Amino acid sequence: MKPGKIVVISKLKGGSGATTTTRELATAALADSKSVAIIDLDAQGSLTNWWNRRTAENPESGPKLIQVSPEKLPGIMDQLCGKFDLVLIDTPPSTHDALREIANGADMAVIPTKPTIDDLDAVGPIIRQLRGVVPMAFVISQVTSKRSPDAVEATELLSARAPVIGRTVIRVGYYRAAGSGQSGFETDKTVREEVQPIYENLMALLGDHHA
Ligand SMILES: Nc1ncnc2c1ncn2[C@@H]1O[C@H](COP(=O)(O)OP(=O)(O)OP(=O)(O)O)[C@@H](O)[C@H]1O
Ligand SMILES: [Mg+2]
């Protein structure tokens with residue numbers, strides 16, 4: 001599937017589920033035999049910590065972690081596309097100028113958002129920021145249950161703006177696995193059943209019909 005696709009996980013609100021979404025998509029892509037790179041632009045380093053735990057357990061396990069500053073990343077994006085099938089970029093909650101330039105070079109922005117009104121309020125500004133810059137898709141994160149009113153209302157509201165590619169329910173499986181550098185996708189059947197369609201919908205939007 002080379003040249004690869006670059007997906008930036010974007011949000012304005014902290015705790016939206018960006019790092020979790022990045023880990024889950026990365027491991028779903030690995031299970032689909034893709035070569036995967038991840039980039040952690042957040043100084044909190046949650047994704048890097050996860051990767052460190054993962055490679056301490058198994059140094060050969062993917063994905064590959066690319067360490068690069070937000071300022072230098074736009075200059076290497078073409079090169080990364082030639083090397084990996086999928087590059088996932090986890091970002092801090094911000095609309096920093098460098099993030100806009102990165103989004104401009106990406107194939108897709110995945111915007112995870114919780115279904116609360118406070119979180120949905122933050123979606124307008126990020127859509128305005130990214131419209132015309134990069135195609136967008138939403139993941140509704142941390143809903144109380146699959147068909148709960150919060151999930152249904154958020155889906156209706158968001159799908160008017162961009163495709164909603166899936167939902168994650170609040171489950172221990174998402175964070176428990178991260179403690180040993182794994183993902184819910186890899187360790188929990190229910191999580192895998194939630195993440196697989198998110199991954200497949202993303203790949204379909206990216207034009208990979210073999211996912
Ligand atoms: N579906 C889920 N079920 C249970 N816990 C979740 C789920 N998704 C995310 N979490 C937890 O919610 C918190 C926020 O998620 P995450 O770190 O992925 O968001 P983030 O957008 O990367 O946050 P930050 O702004 O700090 O970077 C974390 O503690 C994470 O483990
Ligand atoms: Mg994060």
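The values are calculated or read from the model by the stated rules, or taken from the named source; none is laboratory data. Here the structure is a predicted model, which means the values were calculated and not measured. FYI the Cβ positions are ideal-geometry reconstructions off the backbone, even for glycines, and counts take in every protein chain you see. Calculation scope for accessible area: heavy atoms of the full protein, side chains included, ligands and nucleic acids excluded. Shrake-Rupley method; radii C 1.70, N 1.55, O 1.52, S 1.80 Å.
Here's the picture: a label point sits 7 Å out from the Cα of N49 along the beta-carbon direction, and within the stretch 165-185 the residues with their amide nitrogen under 15 Å of it are 175-182. Think of each Lys and Arg Cβ as +1 and each Asp and Glu Cβ as -1; about the Cα centre, that makes the dipole of the chain roughly 100 debye.
When all alpha-carbon pairs of the stretch 127-211 are counted, what percent fall beyond 22 Å? Distances greater than 22 Å cover 35 percent of the Cα pairs.
In this structure, N104 and I66 have a Cβ-Cβ separation that, at R0 = 25 Å, corresponds to a calculated FRET efficiency of about 0.85.
In this view, the solvent-accessible surface of Y174, computed with a 1.4 Å probe and all protein chains in place, comes to about 20 Å². Computed from backbone phi, the HN-Hα couplings of the stretch 101-110 come to 5, 5, 4, 5, x, 8, 8, 7, 10, 9 Hz, rounded to whole numbers (Karplus: 6.51 cos²θ - 1.76 cosθ + 1.60, θ = phi - 60°; Gly and Pro given as x).
Can you tell me which of D97, D78, D107 moves the most in a GNM of the chain? Springs connect C-alpha atoms under 10 Å apart. So, out of D97, D78, D107, the one fluctuating most is D97.
Annotation: the antiparallel percentage among DSSP beta bridges lying fully within the stretch 5-205 is about 0.
In plain terms, the C-alpha convex hull of the stretch 5-205 casts an average shadow of 10.1 nm² when viewed from every direction.
Going 7 Å from the Cα of V172 toward and past its Cβ, which residues in the stretch 183-202 have a backbone nitrogen under 20 Å from where you end up? Residues 183-195 qualify, since their backbone N sits under 20 Å from the label point. L157 sits among other residues whose Cβ lies under 14 Å from its own Cβ, and their net charge, with Lys and Arg +1 and Asp and Glu -1, is -3. Here the stretch 77-128 is described by how far its Cα atoms reach on the three principal axes: 40, 21, 16 Å, from widest to narrowest. Other residues with beta-carbon under 15 Å from the beta-carbon of I127 carry, at +1 per Lys or Arg and -1 per Asp or Glu, a net charge of +4. For the peptides 40-48, 137-145, 53-61, residues were scored by their other Cβ atoms within 10 Å and the scores averaged per peptide; the highest-first order is 137-145, 40-48, 53-61.
Would you mind classifying the stretch 1-102 by shape? Square roots of the alpha carbon gyration tensor eigenvalues, ordered a ≥ b ≥ c; an a/c under 1.5 is rounded, otherwise it is prolate if a/b is larger than b/c and oblate if not. Because a/c hits 1.5 or more and a/b fails to exceed b/c, the stretch 1-102 counts as oblate. In the context of the full set of protein chains, residues of the stretch 139-178 present 55 Å² of accessible surface per residue (probe radius 1.4 Å, heavy atoms only). Per atom type, the chain shows carbon and sulfur on 48% of its accessible surface, probed at 1.4 Å.
Computing FRET efficiency as 1/(1 + (r/R0)^6) for E193 and V152, where r is the C-beta to C-beta distance and R0 is 30 Å, gives about 0.95.
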